Each structure stands twice: as C-alpha cells, then as structure tokens.
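Student: Take a look at the following structure, please.
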Amino acid sequence: MNRINLITLGVKNISQSLKFYHDGLGFETSVTEETPGIVFFKNGGTKLALYPLDELSKDINESDPPAGQGFSGITLAYNAKSAEEVDRIFETVEQAGGKIVKAPQRVFWGGYSGYFSDPDGYYWEVAYAESWNFDENDMLIID
C-alpha cells in the first residue's frame, strides 16, 4: 500500500469550494454543474476530490459519524519550481478568496514557504527549495 491515489476533502459548501479550486486556482475538472454531488480534479499525480462533509462523515460511520474538532494535523502541499512561482500562487489564492495564514518567507529548512487556507479551513503549504528536482510528471522527487 505504498501510494496515495486520491485525497478527498469534506467541504461544507461544494459550490463555493468548486469555485475556489476551479475558477480561482485553476484546478481542472470535467464537472459543469454548479452544485455537483462530488468533484474530481484532473491534477497530475495524486488526485484531489471534493465531497460534502456531512456525506463524507456518514460514509465513514453512518451510526456515529466523526465530527470535526478544528485542526486535524494534516496539511496539503504544492511544491513550486521557484520562489517567484510561490509568490504568484499566493497572489492567485488571495484573489480567489483564500486566507493567507503565513506569507511566503525564508524558512528554517532553507527553503521559501508559506501557508494558506481554503474556504473550509484546509491548510496548504506552497514551498520551494533550490535543491528540489521534479520528475516528468512535475512530481517532487524524494529519495
């Protein structure tokens, strides 16, 4: 089980989240409905999906669905190929209505990184390091 095929975000308002990720950030999808039952994005590598939070909770355990308790300890990440790309992404996020949690800055591990949150409070890190290499699918190579 050494791979992750799909990450599903439970969202409170699927229309708002679809607009944020598709219209605001440019994530590609074949979904054309304003309020779909589920959204799959056509990103490279691991796929991202949006699904109504209450339905996702019931899918996990219908008789005793889990309830959110704030920060779950999980972040999502986008690895950029330059510091300028990080800055451009943060400009796009802000225009799309995302919340800048930590503006991009030089960080202790030698890279350039910042955090934003989406409309449902999921945290994304956007980071760059000069030492990083990417494969033919633009996925970060980690040895």
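None of the figures in this text is laboratory data; all of them are computed from the coordinates on show. In this text, all values refer to a predicted model and were calculated from it rather than measured experimentally. All Cβ positions, glycine included, derive from the backbone under ideal geometry; neighbour counts span all protein chains shown.
Student: With label points built 7 Å along Cα→Cβ from the Cα atoms of residue 54 and residue 85, find their separation and express it in nm.
Tutor: Here the modelled spin labels are 4.0 nm apart.
Student: Okay, moving on. Of all the Cα-Cα pairs you can form in the range 44-109, what percent are over 14 Å apart?
Tutor: Every Cα pair in the range 44-109 considered, those over 14 Å come to 75 percent.
Student: At residue 19 and residue 138, where each label point lies 7 Å from the Cα along Cα→Cβ, what is the point-to-point distance in nanometres?
Tutor: 2.5
Student: The list [x] 8.0; [y] 14.4; [z] 9.9 gives values of mean projected area of the Cα convex hull in nm², and only one came from this structure; which label was calculated from it?
Tutor: Matching entry in [x] 8.0; [y] 14.4; [z] 9.9: [z].
Student: Near residue 12, which lysines are there with a Cα under 24 Å away, not counting those fewer than 8 places off in the same chain?
Tutor: Straight-line reach from residue 12, under 24 Å: 42, 47, 58, 99, 102.
Student: Mind checking the range 41-80 for trypsin sites (Lys or Arg not before Pro) that DSSP puts in a loop (not H, G, I, E or B) and that have at most 11 other Cβ atoms within 10 Å?
Tutor: In loop regions of the range 41-80 (DSSP not H, G, I, E or B), the sparsely surrounded trypsin sites (Lys or Arg not before Pro) are 42.
Student: What residues have an amide H closer than 5 Å to that of residue 8, excluding those fewer than 5 places away on the same chain, when H is modeled at 1.01 Å from N in the peptide plane?
Tutor: Here the answer is 49, since their amide H atoms fall under 5 Å of that of residue 8.
Student: To the nearest 0.05, how large is the calculated FRET efficiency for residue 7 and residue 30 if R₀ is 25 Å and r is the Cβ-Cβ distance?
Tutor: In this case the efficiency is close to 0.85.
Student: Something else about it: Give me the angle, in degrees from 0 to 90, between the Cα long axis of helix 83-96 and the longest principal axis of the Cα atoms of the chain, rounded to the nearest 10.
Tutor: Once rounded, the angle reads 30 degrees.
Student: Quick check for me: using +1 on Lys/Arg Cβ and -1 on Asp/Glu Cβ, what's the dipole size of the chain about its Cα centre, in debye to the nearest 20?
Tutor: 220
Student: Can you compute the charge dipole magnitude of the range 64-143 about its Cα centre, using +1 on each Lys and Arg Cβ and -1 on each Asp and Glu Cβ, nothing else charged? Give it in debye, rounded to the nearest 20.
Tutor: I would put it at about 360 debye.
Student: Given the -39500 (n - 2.57) contribution per DSSP H run of 4+ residues, what per-residue ellipticity at 222 nm results for the chain, rounded to the nearest 500 deg cm²/dmol?
Tutor: Helix contribution divided over all residues of the chain: -5500 deg cm²/dmol.
Student: Here's something else I'd like to know. Along the charge dipole of the chain, pointing to its positive end and built from +1/-1 on Cβ of Lys, Arg, Asp and Glu, which listed residue (45, 98, 2) has its Cα farthest out?
Tutor: 98
Student: Residue by residue, what Karplus-based ³J(HN,Hα) values in Hz, rounded to whole numbers, does the range 129-141 have, using 6.51, -1.76 and 1.60 with θ = phi - 60° and x for Gly and Pro?
Tutor: Rounded to whole hertz, the list is 9, 4, 7, 6, 10, 10, 8, 5, 9, 6, 8, 4, 8.
Student: Could you tell me which GluC sites (Glu not before Pro) in the range 42-118 are loop residues by DSSP with no more than 14 other beta carbons within 10 angstrom of their beta carbon?
Tutor: 62
Student: Any chance you could get the radius of gyration and Dmax over the Cα atoms of the range 8-48, in Å?
Tutor: When restricted to the Cα atoms of the range 8-48, Rg and Dmax are 9.5, 26 Å.
Student: Rounded to the nearest 0.05, what FRET efficiency do residue 107 and residue 62 give with R0 = 35 Å and r taken as the Cβ-Cβ distance? Could you check?
Tutor: Here the calculated transfer efficiency is 0.25.
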